[in-house]
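Asker: Below is one structure. I have some questions about it.
The values are calculated or read from the model by the stated rules, or taken from the named source; none is laboratory data. Just so we're clear, the structure is a prediction, and the values are computed from it rather than from any experiment. Glycine also receives a Cβ, built like all others from the backbone with ideal geometry; neighbour counts cover every protein chain displayed. To get the accessible areas, we keep the full protein, side chains included, count just its heavy atoms, and leave off ligands, DNA and RNA. Shrake-Rupley method; radii C 1.70, N 1.55, O 1.52, S 1.80 Å.
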Amino acid sequence: PEFISVSNLADVLGVRQAEFIDHLEEIGFEGVIHSHVLDAETAGLIAEEYNFEPIFETSEQDLVAAPEPEDKSHLPQRPPVVTIMGHVDHGKTTLLDWLRKSSVAASEHGGITQHIGAFSVVMPSGKSITFLDTPGHAAFLDMRRRGADLTDIVVLVVAADDSVKPQTIEAIKHAKQANVPMIVAINKMDKDNVNPEKVKQDLARHSVDVEDYGGDVQAIPVSGKTGLGMLDLEEAIVTLSELLDHRADVEGNAEGWVVEATTKKAGRVATVLVKRGTVRAGDILVAGTTWTRIKTLKNEAGTVIEEATPGMPVEIDGWREQPEAGSEVLQAPSEQRAKDVVDYRLERSDIKKLGQDTAAINVSRRETL
Ligand code: GDP
Ligand code: MG
(Lines give C-alpha, C1' and ligand atoms only; values in the text may rest on other atoms or scores of the structure.)
(Ligands and ions follow the chains in the order given, each with its own letter.)
Protein backbone atom coordinates (compact mmCIF):
# COMPACT_ATOMS: atom_id res chain seq x y z
CA PRO A 1 0.00 0.00 0.00
CA GLU A 2 2.24 2.76 -1.20
CA PHE A 3 -0.16 4.76 -3.37
CA ILE A 4 -3.25 6.86 -2.90
CA SER A 5 -5.55 8.66 -5.29
CA VAL A 6 -5.99 12.41 -5.10
CA SER A 7 -9.66 12.00 -4.14
CA ASN A 8 -8.91 9.51 -1.37
CA LEU A 9 -6.13 11.68 0.01
CA ALA A 10 -8.48 14.68 0.04
CA ASP A 11 -10.98 12.56 2.02
CA VAL A 12 -8.35 11.44 4.50
CA LEU A 13 -7.21 15.02 5.01
CA GLY A 14 -10.78 16.28 5.24
CA VAL A 15 -10.49 18.82 2.42
CA ARG A 16 -12.93 19.42 -0.42
CA GLN A 17 -11.69 17.77 -3.62
CA ALA A 18 -11.87 20.88 -5.81
CA GLU A 19 -10.06 22.94 -3.20
CA PHE A 20 -7.47 20.21 -2.81
CA ILE A 21 -6.82 19.99 -6.56
CA ASP A 22 -6.47 23.79 -6.75
CA HIS A 23 -3.91 23.63 -3.99
CA LEU A 24 -1.95 20.86 -5.73
CA GLU A 25 -1.79 22.99 -8.87
CA GLU A 26 -0.66 25.97 -6.83
CA ILE A 27 2.28 23.99 -5.51
CA GLY A 28 3.27 22.86 -8.98
CA PHE A 29 1.34 19.75 -9.98
CA GLU A 30 -0.01 20.02 -13.50
CA GLY A 31 -3.31 18.82 -14.87
CA VAL A 32 -4.34 17.04 -11.70
CA ILE A 33 -7.58 15.05 -11.75
CA HIS A 34 -9.29 13.29 -8.85
CA SER A 35 -8.24 9.81 -9.98
CA HIS A 36 -4.53 10.65 -10.13
CA VAL A 37 -2.46 8.30 -8.05
CA LEU A 38 0.23 9.79 -5.83
CA ASP A 39 3.12 7.80 -4.42
CA ALA A 40 3.56 7.62 -0.68
CA GLU A 41 6.41 10.12 -0.54
CA THR A 42 4.51 12.77 -2.46
CA ALA A 43 1.32 12.09 -0.52
CA GLY A 44 3.32 12.33 2.70
CA LEU A 45 4.75 15.73 1.78
CA ILE A 46 1.28 17.01 0.92
CA ALA A 47 -0.18 15.55 4.13
CA GLU A 48 2.49 17.38 6.12
CA GLU A 49 1.36 20.67 4.62
CA TYR A 50 -2.06 19.95 6.09
CA ASN A 51 -0.47 19.32 9.47
CA PHE A 52 -0.86 15.57 9.27
CA GLU A 53 1.92 13.20 10.06
CA PRO A 54 2.26 10.44 7.49
CA ILE A 55 3.15 6.99 8.76
CA PHE A 56 4.71 4.93 6.01
CA GLU A 57 3.88 1.27 6.06
CA THR A 58 6.66 -0.66 4.47
CA SER A 59 6.69 -4.04 2.92
CA GLU A 60 9.23 -6.67 3.87
CA GLN A 61 9.82 -7.16 0.16
CA ASP A 62 11.21 -3.65 -0.11
CA LEU A 63 14.46 -2.09 1.06
CA VAL A 64 14.10 0.87 3.39
CA ALA A 65 16.43 3.38 4.97
CA ALA A 66 17.32 2.85 8.61
CA PRO A 67 15.58 5.24 11.03
CA GLU A 68 17.49 8.40 11.88
CA PRO A 69 19.27 8.01 15.24
CA GLU A 70 17.91 10.36 17.88
CA ASP A 71 21.30 11.20 19.27
CA LYS A 72 23.96 11.87 16.66
CA SER A 73 26.47 13.49 18.96
CA HIS A 74 28.80 10.47 18.95
CA LEU A 75 28.85 10.22 15.14
CA PRO A 76 31.54 11.81 12.95
CA GLN A 77 30.96 15.21 11.35
CA ARG A 78 30.10 15.22 7.67
CA PRO A 79 30.45 17.96 5.04
CA PRO A 80 27.40 20.18 4.49
CA VAL A 81 25.55 19.96 1.16
CA VAL A 82 24.92 23.36 -0.39
CA THR A 83 22.59 24.53 -3.18
CA ILE A 84 23.05 27.92 -4.83
CA MET A 85 19.89 29.86 -5.65
CA GLY A 86 19.06 33.38 -6.76
CA HIS A 87 17.73 35.62 -9.52
CA VAL A 88 18.78 35.01 -13.12
CA ASP A 89 22.09 36.69 -14.06
CA HIS A 90 23.01 37.38 -10.43
CA GLY A 91 25.95 35.00 -10.78
CA LYS A 92 24.98 31.46 -9.71
CA THR A 93 26.88 29.75 -12.52
CA THR A 94 29.88 32.05 -12.10
CA LEU A 95 30.09 31.27 -8.37
CA LEU A 96 29.81 27.54 -9.01
CA ASP A 97 32.53 27.73 -11.67
CA TRP A 98 34.85 29.54 -9.28
CA LEU A 99 34.16 27.00 -6.55
CA ARG A 100 34.52 24.04 -8.91
CA LYS A 101 37.98 25.25 -9.93
CA SER A 102 38.95 25.34 -6.27
CA SER A 103 37.82 21.75 -5.68
CA VAL A 104 40.44 19.25 -4.57
CA ALA A 105 39.89 17.09 -7.58
CA ALA A 106 40.47 20.09 -9.84
CA SER A 107 43.70 21.10 -8.17
CA GLU A 108 45.05 17.60 -8.74
CA HIS A 109 44.00 17.69 -12.38
CA GLY A 110 45.03 21.09 -13.67
CA GLY A 111 41.67 22.65 -12.89
CA ILE A 112 39.66 20.30 -15.07
CA THR A 113 36.52 18.79 -13.65
CA GLN A 114 33.53 17.20 -15.26
CA HIS A 115 29.98 18.11 -14.52
CA ILE A 116 28.70 15.23 -12.42
CA GLY A 117 25.99 17.03 -10.46
CA ALA A 118 28.02 17.76 -7.34
CA PHE A 119 31.58 18.42 -6.22
CA SER A 120 33.57 18.83 -3.01
CA VAL A 121 35.73 21.74 -1.99
CA VAL A 122 38.30 21.26 0.77
CA MET A 123 39.06 24.32 2.89
CA PRO A 124 42.56 25.23 4.13
CA SER A 125 41.34 24.00 7.55
CA GLY A 126 40.76 20.54 6.07
CA LYS A 127 36.97 20.79 6.34
CA SER A 128 35.07 20.19 3.15
CA ILE A 129 31.86 21.44 1.57
CA THR A 130 29.77 19.69 -1.08
CA PHE A 131 28.09 21.86 -3.69
CA LEU A 132 25.22 20.63 -5.79
CA ASP A 133 26.14 21.62 -9.30
CA THR A 134 22.73 22.39 -10.70
CA PRO A 135 21.80 25.90 -9.71
CA GLY A 136 18.23 27.05 -9.79
CA HIS A 137 14.93 26.53 -8.20
CA ALA A 138 13.48 23.87 -10.47
CA ALA A 139 16.20 21.38 -9.55
CA PHE A 140 15.75 22.11 -5.84
CA LEU A 141 11.98 21.70 -5.98
CA ASP A 142 12.14 18.66 -8.22
CA MET A 143 14.47 16.89 -5.80
CA ARG A 144 12.25 17.71 -2.83
CA ARG A 145 9.16 16.56 -4.68
CA ARG A 146 10.83 13.19 -5.02
CA GLY A 147 11.53 13.19 -1.32
CA ALA A 148 15.24 13.93 -1.66
CA ASP A 149 15.91 16.59 0.94
CA LEU A 150 19.63 16.63 0.53
CA THR A 151 20.33 20.37 0.75
CA ASP A 152 21.60 21.44 4.18
CA ILE A 153 22.29 25.08 3.36
CA VAL A 154 21.08 27.42 0.62
CA VAL A 155 23.46 30.10 -0.62
CA LEU A 156 21.27 32.91 -1.87
CA VAL A 157 23.10 34.95 -4.50
CA VAL A 158 22.06 38.59 -4.83
CA ALA A 159 23.87 40.91 -7.24
CA ALA A 160 25.02 44.01 -5.38
CA ASP A 161 24.14 46.21 -8.37
CA ASP A 162 20.63 44.84 -8.78
CA SER A 163 19.44 43.85 -5.27
CA VAL A 164 16.39 41.74 -4.52
CA LYS A 165 14.40 40.64 -7.59
CA PRO A 166 11.40 38.31 -8.16
CA GLN A 167 13.41 35.09 -8.28
CA THR A 168 15.32 36.17 -5.17
CA ILE A 169 12.00 36.37 -3.35
CA GLU A 170 10.99 33.01 -4.78
CA ALA A 171 14.24 31.43 -3.57
CA ILE A 172 13.68 32.86 -0.08
CA LYS A 173 10.21 31.30 -0.10
CA HIS A 174 11.52 27.88 -1.18
CA ALA A 175 14.30 27.85 1.40
CA LYS A 176 11.89 28.85 4.17
CA GLN A 177 9.28 26.31 3.12
CA ALA A 178 11.90 23.59 3.07
CA ASN A 179 13.23 24.83 6.40
CA VAL A 180 16.75 25.07 4.99
CA PRO A 181 18.97 27.78 6.50
CA MET A 182 20.42 30.44 4.22
CA ILE A 183 23.64 32.34 3.75
CA VAL A 184 23.55 35.38 1.47
CA ALA A 185 26.33 35.96 -1.07
CA ILE A 186 26.21 39.61 -2.12
CA ASN A 187 27.83 39.15 -5.51
CA LYS A 188 29.51 41.35 -8.15
CA MET A 189 31.30 43.38 -5.48
CA ASP A 190 34.11 44.06 -7.99
CA LYS A 191 31.79 46.42 -9.87
CA ASP A 192 31.65 50.18 -9.30
CA ASN A 193 27.95 50.86 -9.00
CA VAL A 194 27.24 48.47 -6.13
CA ASN A 195 25.10 48.99 -3.04
CA PRO A 196 25.43 46.10 -0.58
CA GLU A 197 23.57 48.04 2.13
CA LYS A 198 20.51 48.28 -0.08
CA VAL A 199 20.68 44.50 -0.63
CA LYS A 200 20.59 43.92 3.13
CA GLN A 201 17.74 46.38 3.62
CA ASP A 202 15.73 44.78 0.84
CA LEU A 203 16.37 41.31 2.25
CA ALA A 204 15.30 42.44 5.71
CA ARG A 205 12.10 43.72 4.10
CA HIS A 206 11.52 40.23 2.74
CA SER A 207 11.91 38.65 6.19
CA VAL A 208 15.49 37.54 5.78
CA ASP A 209 17.02 38.31 9.16
CA VAL A 210 20.42 39.48 7.98
CA GLU A 211 23.23 40.42 10.30
CA ASP A 212 23.29 44.19 10.92
CA TYR A 213 19.49 44.14 10.77
CA GLY A 214 18.89 42.26 13.97
CA GLY A 215 19.22 38.75 12.58
CA ASP A 216 21.79 36.02 12.27
CA VAL A 217 21.72 35.27 8.54
CA GLN A 218 25.24 35.96 7.34
CA ALA A 219 25.61 38.20 4.28
CA ILE A 220 29.04 37.89 2.65
CA PRO A 221 30.24 40.34 -0.01
CA VAL A 222 31.84 38.37 -2.85
CA SER A 223 32.83 38.44 -6.48
CA GLY A 224 32.55 35.27 -8.49
CA LYS A 225 34.63 36.99 -11.13
CA THR A 226 37.69 38.00 -9.06
CA GLY A 227 37.29 35.54 -6.17
CA LEU A 228 36.96 38.38 -3.68
CA GLY A 229 35.38 37.16 -0.43
CA MET A 230 34.95 33.60 -1.69
CA LEU A 231 37.04 32.14 1.13
CA ASP A 232 34.89 34.11 3.60
CA LEU A 233 31.80 32.60 2.00
CA GLU A 234 33.22 29.09 2.33
CA GLU A 235 34.18 29.75 5.93
CA ALA A 236 30.70 31.04 6.68
CA ILE A 237 29.28 27.78 5.29
CA VAL A 238 31.62 25.66 7.41
CA THR A 239 30.83 27.69 10.54
CA LEU A 240 27.09 27.35 10.00
CA SER A 241 27.49 23.62 9.36
CA GLU A 242 29.37 23.22 12.64
CA LEU A 243 26.64 25.14 14.42
CA LEU A 244 23.99 22.91 12.85
CA ASP A 245 26.18 19.96 13.82
CA HIS A 246 25.90 17.89 10.64
CA ARG A 247 26.87 14.34 11.51
CA ALA A 248 26.32 10.91 9.99
CA ASP A 249 27.17 7.28 10.63
CA VAL A 250 29.97 5.92 8.44
CA GLU A 251 29.11 2.33 9.44
CA GLY A 252 26.21 0.12 8.44
CA ASN A 253 24.35 -0.14 5.15
CA ALA A 254 25.09 2.72 2.80
CA GLU A 255 22.34 5.17 1.87
CA GLY A 256 22.26 8.13 -0.48
CA TRP A 257 20.50 10.00 -3.25
CA VAL A 258 20.99 10.01 -7.00
CA VAL A 259 21.94 13.54 -7.99
CA GLU A 260 22.43 12.96 -11.69
CA ALA A 261 22.61 10.02 -14.10
CA THR A 262 23.81 9.59 -17.66
CA THR A 263 24.97 6.97 -20.08
CA LYS A 264 28.61 7.24 -21.10
CA LYS A 265 30.84 5.08 -23.24
CA ALA A 266 31.69 3.15 -20.10
CA GLY A 267 27.99 2.46 -19.48
CA ARG A 268 25.37 3.84 -17.17
CA VAL A 269 26.75 6.02 -14.41
CA ALA A 270 25.08 7.95 -11.64
CA THR A 271 26.38 10.55 -9.24
CA VAL A 272 25.33 9.52 -5.77
CA LEU A 273 25.51 11.75 -2.75
CA VAL A 274 26.21 9.50 0.21
CA LYS A 275 23.96 10.18 3.16
CA ARG A 276 25.03 7.44 5.51
CA GLY A 277 27.52 4.55 5.63
CA THR A 278 30.53 4.07 3.38
CA VAL A 279 30.31 3.11 -0.29
CA ARG A 280 33.05 0.90 -1.79
CA ALA A 281 33.66 -1.02 -5.00
CA GLY A 282 31.84 -4.36 -4.93
CA ASP A 283 28.92 -2.96 -2.94
CA ILE A 284 25.44 -3.63 -4.28
CA LEU A 285 23.14 -0.62 -4.46
CA VAL A 286 19.49 -0.26 -5.43
CA ALA A 287 18.09 3.04 -6.74
CA GLY A 288 14.40 3.06 -7.64
CA THR A 289 13.93 0.17 -10.05
CA THR A 290 17.56 -0.40 -10.96
CA TRP A 291 20.62 -1.74 -9.21
CA THR A 292 24.38 -2.06 -9.54
CA ARG A 293 27.29 -4.03 -8.24
CA ILE A 294 29.83 -1.20 -8.17
CA LYS A 295 32.92 -1.66 -10.31
CA THR A 296 34.53 1.73 -9.74
CA LEU A 297 33.93 4.90 -7.78
CA LYS A 298 35.11 8.18 -9.27
CA ASN A 299 35.26 11.78 -8.11
CA GLU A 300 34.44 14.86 -10.21
CA ALA A 301 37.85 14.74 -11.94
CA GLY A 302 37.24 11.16 -13.05
CA THR A 303 39.84 9.85 -10.58
CA VAL A 304 39.13 6.43 -9.14
CA ILE A 305 38.64 6.61 -5.38
CA GLU A 306 38.56 3.84 -2.79
CA GLU A 307 35.49 4.82 -0.84
CA ALA A 308 32.91 7.53 -0.35
CA THR A 309 31.64 8.62 3.06
CA PRO A 310 28.61 10.74 4.06
CA GLY A 311 28.38 14.14 2.35
CA MET A 312 30.62 13.01 -0.51
CA PRO A 313 29.43 12.94 -4.12
CA VAL A 314 30.69 9.97 -6.12
CA GLU A 315 30.17 8.69 -9.62
CA ILE A 316 29.07 5.06 -9.59
CA ASP A 317 28.98 2.73 -12.60
CA GLY A 318 27.41 -0.59 -13.49
CA TRP A 319 23.70 0.27 -13.32
CA ARG A 320 21.42 -2.25 -15.04
CA GLU A 321 19.11 0.61 -16.09
CA GLN A 322 19.78 4.30 -15.80
CA PRO A 323 18.56 5.52 -12.39
CA GLU A 324 16.53 8.71 -12.03
CA ALA A 325 17.82 11.85 -10.35
CA GLY A 326 16.21 12.19 -6.95
CA SER A 327 15.95 8.43 -6.34
CA GLU A 328 16.94 7.11 -2.97
CA VAL A 329 19.94 4.77 -2.99
CA LEU A 330 20.06 1.86 -0.57
CA GLN A 331 22.63 -0.89 -0.13
CA ALA A 332 21.42 -4.46 -0.62
CA PRO A 333 23.10 -7.44 1.05
CA SER A 334 23.21 -9.53 -2.14
CA GLU A 335 22.54 -9.39 -5.87
CA GLN A 336 19.54 -11.67 -5.40
CA ARG A 337 18.02 -9.32 -2.83
CA ALA A 338 18.65 -6.34 -5.14
CA LYS A 339 16.91 -8.15 -8.02
CA ASP A 340 13.97 -9.13 -5.82
CA VAL A 341 13.54 -5.57 -4.59
CA VAL A 342 13.64 -4.22 -8.14
CA ASP A 343 11.08 -6.83 -9.29
CA TYR A 344 8.82 -5.96 -6.40
CA ARG A 345 9.07 -2.26 -7.16
CA LEU A 346 8.39 -2.81 -10.86
CA GLU A 347 5.30 -4.81 -9.99
CA ARG A 348 4.17 -2.02 -7.72
CA SER A 349 4.66 0.59 -10.43
CA ASP A 350 2.54 -1.52 -12.80
CA ILE A 351 -0.24 -1.31 -10.24
CA LYS A 352 0.29 2.43 -10.14
CA LYS A 353 0.08 2.70 -13.93
CA LEU A 354 -3.18 0.81 -13.95
CA GLY A 355 -4.46 3.43 -11.54
CA GLN A 356 -5.54 0.73 -9.10
CA ASP A 357 -5.87 2.50 -5.86
CA THR A 358 -4.51 0.36 -3.10
CA ALA A 359 -5.46 1.81 0.24
CA ALA A 360 -2.62 4.11 0.88
CA ILE A 361 -0.56 5.36 3.71
CA ASN A 362 -1.99 5.91 7.12
CA VAL A 363 -2.28 9.52 8.02
CA SER A 364 -2.84 10.65 11.57
CA ARG A 365 -3.37 14.10 12.92
CA ARG A 366 -0.26 15.49 14.52
CA GLU A 367 -0.60 16.22 18.22
CA THR A 368 -0.65 19.97 18.55
CA LEU A 369 -0.96 21.97 21.70
P1 GDP B 1 23.24 33.09 -13.32
O2 GDP B 1 22.15 33.36 -14.30
O3 GDP B 1 22.80 33.44 -11.92
O4 GDP B 1 23.85 31.74 -13.42
O5 GDP B 1 24.38 34.19 -13.63
P6 GDP B 1 25.78 33.99 -14.39
O7 GDP B 1 26.77 33.34 -13.51
O8 GDP B 1 25.51 33.39 -15.71
O9 GDP B 1 26.22 35.51 -14.53
C10 GDP B 1 25.49 36.46 -15.28
C11 GDP B 1 26.43 37.53 -15.79
O12 GDP B 1 26.99 38.23 -14.70
C13 GDP B 1 27.59 36.98 -16.60
O14 GDP B 1 27.85 37.85 -17.65
C15 GDP B 1 28.74 36.97 -15.60
O16 GDP B 1 29.99 37.11 -16.21
C17 GDP B 1 28.41 38.17 -14.75
N18 GDP B 1 28.92 38.02 -13.38
C19 GDP B 1 28.68 37.00 -12.54
N20 GDP B 1 29.32 37.20 -11.36
C21 GDP B 1 29.98 38.37 -11.48
C22 GDP B 1 30.83 39.13 -10.61
O23 GDP B 1 31.11 38.76 -9.46
N24 GDP B 1 31.32 40.30 -11.09
C25 GDP B 1 31.04 40.77 -12.33
N26 GDP B 1 31.56 41.92 -12.71
N27 GDP B 1 30.25 40.07 -13.19
C28 GDP B 1 29.73 38.90 -12.77
MG1 MG C 1 23.30 30.19 -14.73
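Asker: So what's the stretch 179-272 giving for Cα Rg divided by 2.2 N^0.38 Å, two decimals?
Answerer: Details: Rg = 18.6 Å, N = 94, 2.2 N^0.38 = 12.4 Å.
The stretch 179-272 yields a ratio of 1.50.
Asker: May I ask which residue of PHE52, HIS23, VAL64 lies farthest towards the positive end of the charge dipole of the stretch 1-105, with charges of +1 (Lys, Arg) and -1 (Asp, Glu) on Cβ and the Cα centre as origin?
Answerer: My answer, from the dipole projection, is VAL64.
Asker: Once Rh for the chain is found with the Kirkwood sum over Cα pairs, what is the Stokes-Einstein diffusion coefficient at 4 °C and 1.567 mPa s, in µm²/s? Walk me through the intermediate numbers first.
Answerer: On the way: Rh = 22.0 Å.
So the translational diffusion coefficient is about 59 µm²/s.
Asker: Based on the mean of other beta carbon atoms within 10 Å per residue, what is the order of 113-120, 88-95, 134-141, most packed first?
Answerer: Numbers: 113-120: 21.2, 88-95: 19.6, 134-141: 17.8.
Top to bottom by mean Cβ count within 10 Å: 113-120, 88-95, 134-141.
Asker: Under the 0.36 nm per residue contour assumption, what length would be gained going from the current alpha-carbon distance of ARG320 and ARG337 to full extension? The partial results should precede the final answer.
Answerer: Numbers: separation 17, 0.36 × 17 = 6.12 nm, distance 1.45 nm.
Gain on extension, ARG320 to ARG337, equals 4.7 nm.
Asker: From the protein chains alone at 1.4 Å, what is the descending order of accessible area for ASP62, ASP22, ASP162, largest first?
Answerer: Numbers: ASP62 20, ASP22 95, ASP162 60 Å².
In descending accessible area the options line up as ASP22, ASP162, ASP62.
Asker: Here's another thing I want to ask about it. How many percent of DSSP beta bridges within the chain run antiparallel, rounded to 5? Can you show the working numbers first?
Answerer: Values: 43 of 60 bridges.
Of the beta bridges lying entirely in the chain, close to 70 percent run antiparallel.
Asker: Now, a different point. Ignoring ligands, DNA and RNA, please state the percent of accessible area on the stretch 22-63 from carbon and sulfur, probe 1.4 Å. Before the final figure, lay out each step's value.
Answerer: Numbers: 1120 of 2480 Å².
Taking all protein chains in place, the stretch 22-63 shows 45 percent carbon and sulfur surface.
Asker: When all protein chains stay in place, what accessible area (Å², nearest 10, 1.4 Å probe) is found for PHE3?
Answerer: Estimated to the nearest 10 Å², PHE3 gives 20 Å².
Asker: Of ALA40, LEU240, GLY215, which is farthest along the charge dipole of the chain in the positive direction, counting Lys and Arg as +1 and Asp and Glu as -1 at C-beta?
Answerer: LEU240
Asker: Stretch ASP89-GLN177 to full length: gain in nm at 0.36 nm per residue minus the Cα-Cα span?
Answerer: On the way: separation 88, 0.36 × 88 = 31.68 nm, distance 2.38 nm.
Extra length available between ASP89 and GLN177 comes to 29.3 nm.
Asker: So if each residue of separation counts as 0.36 nm, and I subtract the Cα-Cα distance between ALA266 and GLU26, what length gain in nm does that give?
Answerer: On the way: separation 240, 0.36 × 240 = 86.40 nm, distance 4.18 nm.
Fully extending the segment from ALA266 to GLU26 adds 82.2 nm.
Asker: Sticking with this one: Ordering ILE284, ILE55 by how much accessible area each has at a 1.4 Å probe, largest first, what is the list? Numbers along the way, then the final one.
Answerer: Numbers: ILE284 10, ILE55 85 Å².
Correct descending sequence by accessible area is ILE55, ILE284.
Asker: Could you give the size of the charge dipole of the chain about its Cα centre, using +1 on the Cβ of each K and R and -1 on the Cβ of each D and E, expressed in debye and rounded to the nearest 20? Provide the component values of the computation, followed by the final result.
Answerer: Values: 38 positive and 61 negative charges, 197 e Å.
The calculation lands at about 940 debye.
Asker: A further question on this structure: Give me the percent of DSSP beta bridges within the stretch 138-243 that run antiparallel, rounded to the nearest 5. Intermediate values should be presented prior to the final figure.
Answerer: Working: 0 of 10 bridges.
Rounded to the nearest five, the antiparallel share is 0 percent.
Asker: Give me the accessible area of ASP350, 1.4 Å probe, in Å² rounded to the nearest 10.
Answerer: Only protein atoms counted, so the area is about 80 Å².
Asker: Moving on. When only the heavy atoms of the protein chains count and the probe is 1.4 Å, how do VAL304, VAL157 rank by accessible area, highest first?
Answerer: Numbers: VAL304 90, VAL157 0 Å².
Reading off the accessible areas and sorting them downward yields VAL304, VAL157.
Asker: Hey, can you grab everything whose amide H is under 5 Å from the amide H of THR290? Only 5+ residues off in sequence or another chain; H modelled, so Pro and N-termini drop out.
Answerer: HN-HN under 5 Å from THR290: empty list.
Asker: Any idea how far the Cα center of the stretch 9-56 sits from the one of the stretch 216-285, in Å?
Answerer: Rounded to whole Å, the Cα centres lie 31 Å apart.
Asker: To the nearest 10 square angstrom, how much accessible area does ARG145 have with a 1.4 angstrom probe?
Answerer: 80
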